[in-house]
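*Asks:* Sharing a structure, written as structure tokens. Questions coming.
Since every read-out is calculated from the coordinates, none of them should be taken as a lab result. This is a predicted model, so every value here is computed, not measured. Methodologically, a virtual Cβ is constructed for each residue, glycine included, from the backbone with ideal geometry; neighbour enumeration extends over all protein chains shown.
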Amino acid sequence: MTTKPLLLKNGRIIDPANNIDQQGDILIINNQIARKGKSGTLSCPDNGRIVDLNGKWIVPGLIDMHVHLREPGEEYKETIASGTQAAAAGGFTAVACMPNTNPVNDCQTVTSFILAKAEKEGSARVYPVGAISKSSSGTELAEFGEMKEAGVVAVSDDGRPVANSQLMRRALEYSSNHNLLVISHSEEMSLSQNGAMNDGILSTRLGLRGIPRVAEEIMVYRDLALAEYVGRPVHIAHMSTRESVDLVRRAKAKGCKVSAETAPHYFSLSEEAIGLYDTKAKMNPPLRTHDDMLAIRDGLRDGTIDAIATDHAPHSVMEKDVEFDQAANGIIGLETAVPLTLALVNKNILTPSRMIELLSVNPARILRVEGGTLSEGKIADITVIDPEKKFVYSKEGIVSKSKNSPFLNWELTGKAVLTILGGKITFSDLEI
């Protein structure tokens, strides 16, 4: 279905894939980017719509390569419909959803269900991630070929590590045969089990069992070693520690086929955010030290970390408003990713172009999906960001079904104000 022509006027076009950062116009016709030009050089057809974007950024549609949509099985926390609406409100035109649903996405049936729901109800493209092992139990590989045929773009047992090293080796080998990326949830459970926060002085003071940084780092090292040994790519999810960043940096220097992501909370918060047992700041991996937070920022700046992914993990009050050590891990993140990342731009840690690489260009490249570019003739997945817009992130304004965020009541700067999916507006804060 085609939409009316749309002319985006006088915005700052940031298109790293084409090495463009300049004021200009973009004309969208028949769901595609028809033309780009300098400001004032393009006109809109008589039946079209025009929006003046002076002071705002026009960027390729943002892609979140790590979210939990909770459907099937936990629709009281989030659904494909509500999760993709939250994505659109956050400026995302596509999301990759993890397989730890109920039932686990380890087969064609569940993958097909997710894609059918997304086609009918989604406000963003949905790229399912299949399980590495059947039921994510870590004992037997899932049917990669079947899931690939159904539409998965990667495999992961996210939420659980693949403890068996031989199984992980086989996953790396067989996934490449099906052109699927392996996403590693790096956690040594014998070290992290029953832990509630980062292991250290603060956990001792609060009387909570800690999760040591080596629980992550040991498995990052193992999966990098396996990837190097078999010569296949691996993607390290939600990195949180200095040594994890250094391990990936060294692996890349050796030529290992590795990519990595972190989440906004790991470069925005430290373990101090837990305060007096605030369960909204409980996640896995846990928030680490201030030193780790700075190392994550360094990894984003120097290219060690390839992508920013929210690890959007909705939970209801039933899972969060309990004792800290009993509370569920995870926070929502789709609607705060843009302002939190812009904070690094405002601190001169990232350039605007690097920010868009991390949130759009690289996720598209890593997952091998469309997007990440504003090239003429490409599908019109576009995000418009107002880098100066200030707002208070409140429960009342959250689109997601769940409200579990440590950033509640923060005044944030920078917001997606227009999200366009295939030429269709899925979210707007503007007059058009």
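*Asks:* With just the Cα atoms defining each centre, how far is region 188-227 from region 68-146? Give it in Å.
*Replies:* 27 Å
*Asks:* How many nm is it between the label spots at Tyr229 and Arg301, if each spot is 7 Å from the Cα in line with the beta carbon?
*Replies:* Reported label-point gap for Tyr229 and Arg301 is 3.6 nm.
*Asks:* Further question on the same structure: Could you give the nm distance between label points at Glu431 and Ser137, where each point is 7 Å from its Cα heading toward the beta carbon?
*Replies:* Each label point is offset 7 Å from its Cα along the Cβ direction, giving 6.1 nm.
*Asks:* Compute the Cα gyration tensor for region 382-432, then decide on rounded, prolate or oblate, letting a ≥ b ≥ c be the square roots of its eigenvalues: rounded whenever a/c is under 1.5, prolate when a/b is larger than b/c in the other cases, and oblate in all that remain.
*Replies:* In terms of gyration-tensor shape, oblate.
*Asks:* On full extension of the chain, what length is gained from Ser165 through Asp325, given 0.36 nm per residue of separation minus the C-alpha to C-alpha distance?
*Replies:* 54.7 nm
*Asks:* Here's a follow-up. How much length would be gained if the chain were fully extended between Lys347 and Lys120, taking 0.36 nm per residue of separation minus their Cα-Cα distance, in nm to one decimal?
*Replies:* Stretched fully, the Lys347-Lys120 segment lengthens by 77.6 nm.
*Asks:* Would you please name the chymotrypsin sites (Phe, Trp or Tyr not before Pro) within region 62-133 that are DSSP coil residues with at most 15 other C-beta atoms within 10 Å of their C-beta?
*Replies:* Passing both the DSSP loop test and the Cβ count: Tyr76.
*Asks:* With a sphere of radius 15 Å drawn around the Cβ of Ile211, what net charge do the other residues whose Cβ falls strictly inside it have (Lys, Arg +1; Asp, Glu -1)?
*Replies:* Combined, the nearby Lys, Arg, Asp and Glu give -4.
*Asks:* Picking from Leu359, Leu181, Leu208, which is most flexible by a Gaussian network model of the chain using Cα springs under 10 Å?
*Replies:* Top of the fluctuation ranking is Leu208.
*Asks:* Let me ask something additional. Using a cut-off of under 12 Å, list every residue of region 286-315 whose amide N is near the label point 7 Å from the Cα of Leu408 along the Cα-to-beta-carbon line.
*Replies:* In region 286-315, the label zone of Leu408 (backbone N under 12 Å from the point 7 Å along Cα→Cβ) covers 315.
*Asks:* Additional query: Check each of the trypsin sites (Lys or Arg not before Pro) in region 315-357 and keep only those in coil by DSSP with at most 13 other C-beta atoms within 10 angstrom; list them in order.
*Replies:* Listed in order of number, the matching sites are Lys347.
*Asks:* Additional query: List the GluC sites (Glu not before Pro) within region 336-432 that fall in a DSSP loop (any state other than H, G, I, E or B) and whose Cβ has at most 16 other Cβ atoms within 10 Å.
*Replies:* Glu370, Glu376, Glu431
*Asks:* To continue, here is another question. Below 8 Å, C-alpha to C-alpha, sequence gap of six or more: please give me the relative contact order for the chain in percent. Walk me through the intermediate numbers first.
*Replies:* Numbers: 1089 pairs, mean separation 85.0, N = 432.
Taking the mean separation of contacting Cα pairs over the length of the chain, I get 20 percent.
*Asks:* Still on this model: Which one of Val110, Val338, Val392 has the biggest mean-square fluctuation once the chain is modelled by GNM with Cα springs under 10 Å?
*Replies:* In the Gaussian network model the winner is Val392.
*Asks:* Compute the FRET efficiency between Glu149 and Asp21 as 1/(1 + (r/R0)^6), taking r as their Cβ-Cβ distance and R0 = 56 Å, and round to the nearest 0.05.
*Replies:* 0.90
*Asks:* Per residue of the chain, what 222 nm ellipticity follows from adding -39500 (n - 2.57) for every DSSP H run with n ≥ 4, rounded to the nearest 500?
*Replies:* -8000 deg cm²/dmol
*Asks:* With labels modelled as points extended 7 Å from the Cα through the Cβ direction, what inter-label distance (nm, one decimal) is found for Lys254 paired with Leu276?
*Replies:* Distance between label points: 4.8 nm.
*Asks:* Along the Cα-to-C-beta direction of Asp52, a point sits 7 Å from the Cα; which residues of region 2-19 have their amide N less than 14 Å from that point?
*Replies:* 8-11
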